[in-house]
Every structure is written in C-alpha cells, then in structure tokens.
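**Student:** Okay, handing you the structure first.
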Amino acid sequence: RSLKFAATSPPTTMFRSIATKVIRTRVQPAVRLQSTATSIGELQLFNPTEEHASLRAMLRDFVEKEVDPQALKHNREEKFNVDLFRKLGDLGLLGITVEPEFGGSGMDAVAAVIAHEELAASDPAFCLSYLAHSMLFVNNLARNGTVEQKAKYLPGACSGEKIGGMGMSEPGAGTDVMGMTTSATKSADGSHYIINGAKMWITNGTVTGKETGDIFLVYARTSNDPRKGLTSFIVEKGMPGFTLGQKIEDKCGMRASMTAELVFDNVKVPAANVVGEEGGATLCMMRNLEIERITLAAMSLGI
C-alpha cells in the first residue's frame, strides 16, 4: 500500500485509514486525542488531533517494521541507509511541513515533533539525518525561498531524490554563528557569487562517504556588518570547487548519520541561488532554528 500523503486529499483521511490497521506493540502513556493534564511543569505528551494520532500510529508501524531491524547494523558499520531514508519520502515525511503544491504534506510543528520523537526512539542516527534534511534544509527553504526556488528544489527534496543539509558550523565557529569566516563575493555584473571557506560537522555532508551530499543551504559572509553580514545560498553537488573534505568517523554515537567537512574553493553560485535578501540570512536562520531546536528536543524525548 502507498502511505504517501496525497496532495489532493487531506492527510487526516489518509491517517485515519492507516490508523485502523495499526496494532501498537509499545507502551505509550499518552496517545489520547486530548490531554487532561493541567499541572504546570507536568510532562504532556499527547496528540492534539486525530490527524496527529494517526501520524503517530503510522510512524510506530513503520519504525517497527522498517527502522528497528536495521538500526544496530548501520550504526556499527557507520553507514547511512539511503534506501530507507527515501521511504520517508514515500510516506510524505521528508516534506512534512511543506505546502502540498511543492510536494509536501502541509502539516504543522506538532506533526514534525511527533515524527522526530518516534523515529529517534528506534534509531537516533537515522533521525538526526532526517532532521538535517527535513528541518534544516527543506523547511528552511520552504519558509524563506522564492516561489521559483521552491518549485525547482523542493519536489526532489520532499521525495528523497535529493538529500540535503545546512552549512552553518565552521572549524572555528559553531554556536557562535556570527564568527563565520566563509565568504561570498559578488561579481561585478551581479550575476553570481564566489564562495570560499569551509563548513565543519555537517550532517548529511556526505551520504556515501566519497562525495558531498546533494544540496545545501550554506551561510556565507557577504560583508563585515555584524548583524547584516550573512547571506544564504543554495549550493549543489557538482558545482566546480565544491568538494568533500574530511569525513568525521568513529563518533561517540549516531554513527549511521554521516558527518563531514565541506570545502568551498572559488565556488561559483548563481545570484538566483541566494535565499532571501543579501545580508538577511541571520534572521531567517534564527527563525528556522526554532523548529530545529524543538524537533531536536523531541528526539531526546523519543530516546
């Protein structure tokens, strides 16, 4: 059966159909449709609507049948399960927050939280790669890109044909995002930018261990202005000068989530690949990190 969220029919209808066929096998203290917890500070893990309940049911069925059996093997071998990841696209999960017109499921932040919680309960490494793709790249572009950019890049990312990530951290700048030194210089005619620098600890930086991932939102400095000096670019695998640096191996955990260094050596990026306005990346980045931090917390809850 196909679990793809049909853009022509509401997800609720699809989820209801799925939920009637799912038998839950794990203890789940809070899968009711409405929470009765009112105490301040009390943990409230619930499904606000039938749509959310059906999503959780579908995910638990998928995790039990598809994710659990492969988790230990892929983590031991430090291999990213690309085929399984693309099944998330078949389920409509890779574009869970994206408008249906661009190949997504059009769901909300609560749905994204449920997806990360359920996947992380079985395989945190697999879920981390899902987060980097669906939140840091897909959701980011869906919220900040132009209609043309979304039409060009989101359908492939939502299907899993293209696997994406975000280039923010650098060898000398992690949480201090304003300390980035990767630069982007605009050409005299304004047609393109030249990017130089490196990004470090990038989830989905590679999925094969031999080449870069498919597509990234990369932050680079276009001026020295402390607040308006960063610009966001869409950078694709195969652009001359864009290469894989070191692959980060033998991590303490989440080994099946590939982490790598990305190197930019005079990478020519079309001006059409600027996401948002030049110098306006900081606000877009911080806004998108809000849902990233929530879903990362959901992963911890699932674990």
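**Student:** Restricting attention to the stretch 180-199, report how many residues are surrounded by fewer than 21 Cβ atoms within 10 Å (Cβ to Cβ), assigned to a strand (DSSP E or B) and either outside the structural domain of Met254 (by TED's automatic domain parsing) or of a type in the set (A, V, I, L, M) (or both).
**Tutor:** Of the residues in the stretch 180-199, 2 are surrounded by fewer than 21 Cβ atoms within 10 Å (Cβ to Cβ), assigned to a strand (DSSP E or B) and either outside the structural domain of Met254 (by TED's automatic domain parsing) or of a type in the set (A, V, I, L, M) (or both).
**Student:** Right, another one. Of all residues in the stretch 142-154, count the ones that are in a helix (DSSP H, G or I), touching a residue at least 60 places away in the same chain (Cβ under 8 Å) and within 15 Å of Val269 (Cβ to Cβ).
**Tutor:** Selection size over the stretch 142-154: 2.
**Student:** Turning to a different aspect of this structure: Please work out which one of (1) farther than 20 Å from Asn266 by Cα; (2) out of contact with any Cys (no Cβ under 7 Å at 6 or more places or on another chain) is the condition Asn224 fails and give its number.
**Tutor:** The single condition Asn224 does not satisfy is (1).
**Student:** Let me ask something else. Given the structure, is Val113 touching a residue at least 12 places away in the same chain (Cβ under 8 Å), closer than 23 Å to Ile202 by Cα, in contact with a helix residue (DSSP H, G or I) (Cβ under 7 Å, 6 or more places away or on another chain) and β-branched (Val, Ile, Thr)?
**Tutor:** The answer is yes for Val113.
**Student:** OK, next. Considering the stretch 49-76 alone, what residues qualify as being closer than 24 Å to Cys252 by Cα and either in contact with a helix residue (DSSP H, G or I) (Cβ under 6 Å, 6 or more places away or on another chain) or in contact (Cβ under 8 Å) with a residue 40 or more places away in the chain (or both)?
**Tutor:** To start, the set of residues in the stretch 49-76 that are closer than 24 Å to Cys252 by Cα comprises 63, 67-76.
If the condition is that a residue be closer than 24 Å to Cys252 by Cα and either in contact with a helix residue (DSSP H, G or I) (Cβ under 6 Å, 6 or more places away or on another chain) or in contact (Cβ under 8 Å) with a residue 40 or more places away in the chain (or both), then Val63, Val67, Asp68, Gln70, Ala71, His74, Asn75, Arg76 are the ones that fit.
**Student:** Might you let me know whether the stretch 157-166 holds any residue that is touching a Phe, Trp or Tyr at 6+ places or on another chain (Cβ under 6 Å), of a type in the set (Lys, Arg) and surrounded by fewer than 24 Cβ atoms within 10 Å (Cβ to Cβ)?
**Tutor:** no
Matching residues to (1) assigned to a helix (DSSP H, G or I); (2) at pLDDT 95 or above; (3) under 30 Å from Cys127 (Cβ atoms); (4) in the same structural domain as Tyr193 (by TED's automatic domain parsing):
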| site | (1), (2), (3), (4) |
| --- | --- |
| Asn224 | no, no, no, yes |
| Arg227 | no, no, no, yes |
| Gly238 | no, yes, yes, yes |
| Leu244 | no, yes, yes, yes |
| Cys252 | no, no, yes, yes |
| Leu262 | no, yes, yes, yes |
| Lys268 | no, yes, no, yes |
| Met286 | yes, no, yes, no |
| Leu296 | yes, yes, yes, no |
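**Student:** Can you name the residue in the stretch 98-141 that is of a type in the set (S, T, N, Q) and closer than 17 Å to Met166 by Cα and is also surrounded by the most Cβ atoms within 10 Å (Cβ to Cβ) among such residues?
**Tutor:** Ser134
**Student:** Let me ask something else about it. Can you name the condition, by its number, that Ala220 falls short on among (1) more than 16 Å from Ile163 (Cβ to Cβ); (2) part of a loop (DSSP other than H, G, I, E, B); (3) of a type in the set (A, V, I, L, M)?
**Tutor:** Ala220 satisfies every listed condition except (2).
**Student:** Quick test of your reading of the structure: Thr231 fulfils all but one of (1) more than 20 Å from Lys152 (Cβ to Cβ); (2) outside any loop (DSSP other than H, G, I, E, B); (3) out of contact with any Phe, Trp or Tyr (no Cβ under 7 Å at 6 or more places or on another chain). Name the failing condition by number.
**Tutor:** (1)
**Student:** Looking at the stretch 279-303, which of its residues are in contact with a strand residue (DSSP E or B) (Cβ under 8 Å, 6 or more places away or on another chain) and surrounded by fewer than 19 Cβ atoms within 10 Å (Cβ to Cβ)? It would help to see each step written out before you state the result.
**Tutor:** From the stretch 279-303, those in contact with a strand residue (DSSP E or B) (Cβ under 8 Å, 6 or more places away or on another chain) are 279-282, 284-285; that's our starting set.
Within the stretch 279-303, Gly279, Gly280 qualify.
The values are calculated or read from the model by the stated rules, or taken from the named source; none is laboratory data. All figures in this text were calculated on a predicted structure; none of them were measured in a lab. Virtual Cβ from ideal backbone geometry, glycine too; neighbours counted across all protein chains shown.
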